[in-house]
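Data block below; observations after.
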Amino acid sequence: MTLKYRAITDEQRREEVLKYVRKYPHCDLEDIINQLTDTEFGSRVTIRRAVAELLESGKLNDGKSRKNAKSYQFTVVEDNPLLTMPTDLKLITSKFEIFLSVIRKLKKSEKIVNRLKESNLLLSESFGPEEIVKTIPFFPYEVIGEIDRIYKFKLLIMLPTKIHRQTVLNNLYSLYFESLTNLYLMTAGETQKAHPSVTNLPTEENYLIRAYRNIGTGFTSHMVEVCRVLNIESELYDVLDQAWLRNIEVCPFLYDLQWDLKLMNYQQALEKFAPKYNDLVNKNEILKNIHLKTDSEVFLFEETYSQIKKITQNEDVYGPFYYKN
């Protein structure tokens, strides 16, 4: 009698093996084969191959007491990056989509310009509120850049010291760059709709080119500053927090968190945002310190601009301290 199996892909078969082992940890190889052949997920040969591939990738542990042992006790290696990274990237992408939609809805208006003008944003004579509004469509690109910086450090520097199978690393690179490409494609489409002139030949006077150049340094604190004024700070942090939390072991290497708290207006930030920091401590102490440093930098900028306004006694004069390359 010839057995007939459903049209199942190799990936679906591997997922079914993982699902079964999660449900019945410490199961034997024959248990897995019998269950999946009974439910028509493949033949004994294809299921054995799926198990072997999962063992090779490190997603499964066979639980053998010694190499030549014949008994198995399969368990899923839940902290394997090949299992955690797709979930993490999916969550980050979902938060990014929300931020992108909020940015898309921000239209240039007198109300937004006035809100920026009345704030303590550090501006310059050649880069005032109206110019800042024109840079807002580029904020998603800067968020992608920060996500990319985090993951590149993790993938190229940290993980190779822990994972020595090149095939596993290659799979992780493929997973990540596919997700990164998706973020760029989503953002590029929205930017083209909002600003068709981005496709024009770049010139020194093209405001999009100047905007992109001016955002180049210190973007996190500046973006927080602008997004706070426009009441979209929470959507920005929802994306960044997920990227930071999912890669928290990378953050101490990427961010200088050993800084002089007094010089960075630490106390002022701590007092104003105490409830937020209390909540962040429950999530992670490192995450709290990243927020605290960013907020302290924002307070430092705002104080500087306030002093400039007092000296000039002119609310419309902008200090020459906006970031420039």
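The values are calculated or read from the model by the stated rules, or taken from the named source; none is laboratory data. Please read all numbers here as calculations on a predicted model, not as lab measurements. Note that each Cβ is placed from the backbone with ideal geometry, even for glycine, and that neighbours are counted across all protein chains shown.
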Among the residues of region 10-27, which ones are in contact (Cβ under 8 Å) with a residue 12 or more places away in the chain and among the basic types (Lys, Arg)?
ARG13, ARG14, ARG22
Only one of LYS293, LYS283 that is modelled with pLDDT of 60 or more and over 21 Å from MET223 (Cα atoms)
LYS283
With the requirement that a residue be more than 15 Å from TYR72 (Cβ to Cβ) and over 35 Å from the mean Cα position of the chain (by Cα), what does region 45-59 give you?
VAL45, THR46
Positions within region 16-56 being small (Gly, Ala, Ser), outside any loop (DSSP other than H, G, I, E, B) and surrounded by fewer than 19 Cβ atoms within 10 Å (Cβ to Cβ), in sequence order:
ALA52
Exclusive hit being out of contact with any strand residue (DSSP E or B) (no Cβ under 9 Å at 6 or more places or on another chain) and not in a helix (DSSP H, G or I), set ASP79, ASP88:
ASP79
Answer yes if at least one residue in region 92-101 is within 27 Å of the chain's Cα centre (by Cα) and under 16 Å from ARG14 (Cβ atoms), and no otherwise.
no
Among the numbered conditions (1) surrounded by fewer than 17 Cβ atoms within 10 Å (Cβ to Cβ); (2) in contact with a Phe, Trp or Tyr (Cβ under 8 Å, 6 or more places away or on another chain); (3) modelled with pLDDT of 90 or more, tell me where ILE98 comes up short.
(2)
Being farther than 17 Å from TYR24 by Cβ and in a loop (DSSP other than H, G, I, E, B) is the filter; apply it to region 57-73 and report the residue that is modelled with the highest pLDDT.
GLY58
Can you find a residue in region 140-160 that is more than 18 Å from the chain's Cα centre (by Cα) and farther than 20 Å from VAL229 by Cα?
yes
Can you name every residue in region 138-184 that is β-branched (Val, Ile, Thr), in a helix (DSSP H, G or I) and farther than 17 Å from LEU240 by Cβ?
ILE157, THR161, THR167, VAL168, THR181
